[in-house]
1. Within the range 1-32, work out how many residues are modelled with pLDDT of 95 or more and part of a loop (DSSP other than H, G, I, E, B).
2. If you scan the range 187-211, which residues turn out to be of a type in the set (A, V, I, L, M, F, W, C) and surrounded by 14 or more Cβ atoms within 10 Å (Cβ to Cβ)?
3. Could you grab me the full set of residues in the range 164-182 that are surrounded by 12 or more Cβ atoms within 10 Å (Cβ to Cβ) and either over 18 Å from residue 125 (Cβ atoms) or touching a residue at least 60 places away in the same chain (Cβ under 8 Å) (or both)?
4. Six or more apart or on different chains, Cβ under 7 Å: which pairs go from a residue in the range 62-80 that's within 16 Å of residue 19 (Cα to Cα) to one that's at pLDDT below 95 and part of a helix (DSSP H, G or I)? Could you list them?
5. Can you tell me which residue within the range 212-226, out of those that are touching a residue at least 60 places away in the same chain (Cβ under 8 Å) and more than 19 Å from residue 169 (Cβ to Cβ), is farthest from the chain's Cα centre (by Cα)?
6. Quick one: in the range 134-163, of everything that is of a type in the set (Val, Ile, Thr) and surrounded by fewer than 22 Cβ atoms within 10 Å (Cβ to Cβ), which residue is nearest to residue 74 (Cα to Cα)?
7. For the range 105-143, how many residues meet the condition of being over 18 Å from residue 84 (Cβ atoms), touching a strand residue (DSSP E or B) at 6+ places or on another chain (Cβ under 6 Å), outside any helix (DSSP H, G or I) and of a type outside the set (Val, Ile, Thr)?
8. Among (1) within 18 Å of the chain's Cα centre (by Cα); (2) of a type in the set (Gly, Ala, Ser); (3) not in a strand (DSSP E or B), which single condition is residue 253 missing?
Amino acid sequence: MDESIAGNRAYWNDNAHHWVAPGERSWSTDVITWGTFEVPEAELRALPDVTGLDVVELGCGTGYVSAWLLRAGARSSVGVDPTEGQLATARSLQRQHELPFPLVQGAGEHVPLRDRCADLVVSEYGAAIWADPARWLPEAARLLRPGGELVFLGNSVVFMLCCHDDESPPDERMTRPQRGMGRFTWPDDPSVEFHVSHGEMIRLLRASGFEVVDLIEVYAPEGAPDATLHGGEVDFVSAEWARRWPVEEIWRARLP
């Protein structure tokens, strides 16, 4: 197993319990939202009409995105995740909400599904930041039928340039260079994240056969509280900061 995949699998198994309550909250609503500040899809319009589509969710975690899309009319969805702990939560929530769909253990770089099995590949965080884009984007292209779309959300470039290694929230200073962005590691943490510049992402998408459809910056809505992680234990980003700069961005791409 690749070193980054093994490290991320270990990290998410250790932290899966932190995401049970957020997963329960997301499964309990039919409203599709994006990112840390849960901005509604109705406002961002990042997705195509999913009615009748076959979906693959890469890095599905607790599986709430797949649940949303099935309730919105998708014909099928398959959740793929490398982490046993996250998949166990997803299975529990499937039983609780009586909404079964296939869950497959696998990393975004090595998806154990057949070619051209999907009309839409989606990732909210998940593979979008925890898998190497030079490897998971070609995998997404392999899974899609001609005309299929890829939609994924990750941290924005500006967020990554301003965040700190000590997990303190970003401020107005850039703490790292944009040149050479790619692989990010953190002190005392086995996980590996992947964040690239906009130019590099466009090159990677085109090299995988995609046409770029849209890039949507995601800001905090007016009146939103500051964002925290792990049940409020970690201050992630202030709403004031995230109203001025995008904390996340959504890429939308299509195969010809």
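The values are calculated or read from the model by the stated rules, or taken from the named source; none is laboratory data. The structure displayed is predicted, hence computed values, not measured ones. Positions of Cβ are generated from backbone atoms using ideal geometry, with glycine treated the same way; all protein chains shown enter the neighbour counts.
1. 5
2. Passing the criteria: 192, 194, 196, 201, 202, 204, 205, 210.
3. Answer for the range 164-182, where residues must be surrounded by 12 or more Cβ atoms within 10 Å (Cβ to Cβ) and either over 18 Å from residue 125 (Cβ atoms) or touching a residue at least 60 places away in the same chain (Cβ under 8 Å) (or both): 164, 165, 167, 169, 170, 171, 174, 175, 176, 178.
4. From the range 62-80, the pairs are 62/19.
5. 213
6. 157
7. Total satisfying the criteria: 7.
8. (3)
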